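Let me begin by presenting the structure, written as structure tokens, before commenting on it.
Values quoted throughout were computed directly from the atomic coordinates according to the rules given, and no laboratory measurement underlies them. Since the structure is predicted, the reported quantities are computational estimates derived from the model, not experimental observations. Cβ: placed from backbone, ideal geometry, glycine included. Neighbour counts: every protein chain shown.
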Amino acid sequence: MGIFSFVKDAGEKLFGGGDAKAAEPSSATAGAAGGTGDANAKASDAIKKYITSLGLAPTDLAVSFDGASSVVTVSGTAPDQATKEKILLAAGNVRGVERVDDRMTVTSSEPEGRFHTVASGDTLSAIAKKYYGDANKYNAIFEANKPMLTHPDKIYPGQVLRIPPQG
């Protein structure tokens, strides 16, 4: 459990900038009812649908988004550590999300992976060389980030990747 940081302006665009901005409090709307809660609920639903579309969602998955702080809170029971980490990454690699509050549990305990934020010029081979000492192990990182990654060359600056423990 914990808080994971992400690059707010990078990632999947699941909800319009207007939705995210509407969820942020402003002096003009601080006392108004409805708007902020509706925008947060729409963003929460969009993130949950995205996780579900990737085939990662456990039956008890709960997702909430607070636009004022750009924090997604994720809870539920993942079958294993790898799935839990993929759910956290899917929720965090969304444009408008700055942090993910991990309240998930796992059925089967395993070693935790590490996380890497992609910098400009990074490749999966370079990342594999950094963490494993072998650029040819890039496929382990690619496989650990499926289904969010569809091709080893399609990574972008600001994206956070899961680096699985060496097997």
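Only one residue of Pro111, Leu88, Ala126 has its Cα farthest out toward the positive end of the dipole of the chain, where Lys and Arg carry +1 and Asp and Glu -1 on Cβ, and that residue is Ala126. In vacuo Debye scattering of region 79-154, one point per C-alpha: log10 I(q)/I(0) at q = 0.15, 0.18, 0.22, 0.27 Å⁻¹? Log10 of I(q)/I(0), two decimals: -0.58, -0.83, -1.15, -1.37. Among the listed values (1) 62, 35, 33; (2) 51, 35, 34; (3) 56, 37, 25, the one computed from these coordinates for Cα extents along the principal axes in Å is (3). In terms of the mean number of neighbouring beta-carbon atoms within 10 Å, the peptides 151-158, 80-87, 66-73 order highest first as 80-87, 66-73, 151-158.
DSSP bridge analysis restricted to the chain gives an antiparallel fraction near 55%, rounded to the nearest 5.
Using Cβ point charges alone (K and R +1, D and E -1), the dipole size of region 114-163 about the Cα centre works out to roughly 120 debye. Placing unit charges on each Cβ (+1 for Lys and Arg, -1 for Asp and Glu) gives the chain a dipole about its Cα centre, and among His151, Val71, Gln166 the Cα reaching farthest toward its positive end belongs to His151.
Relative to the compact-globule estimate of 2.2 N^0.38 Å, the Cα radius of gyration of region 114-163 comes out at 0.97.
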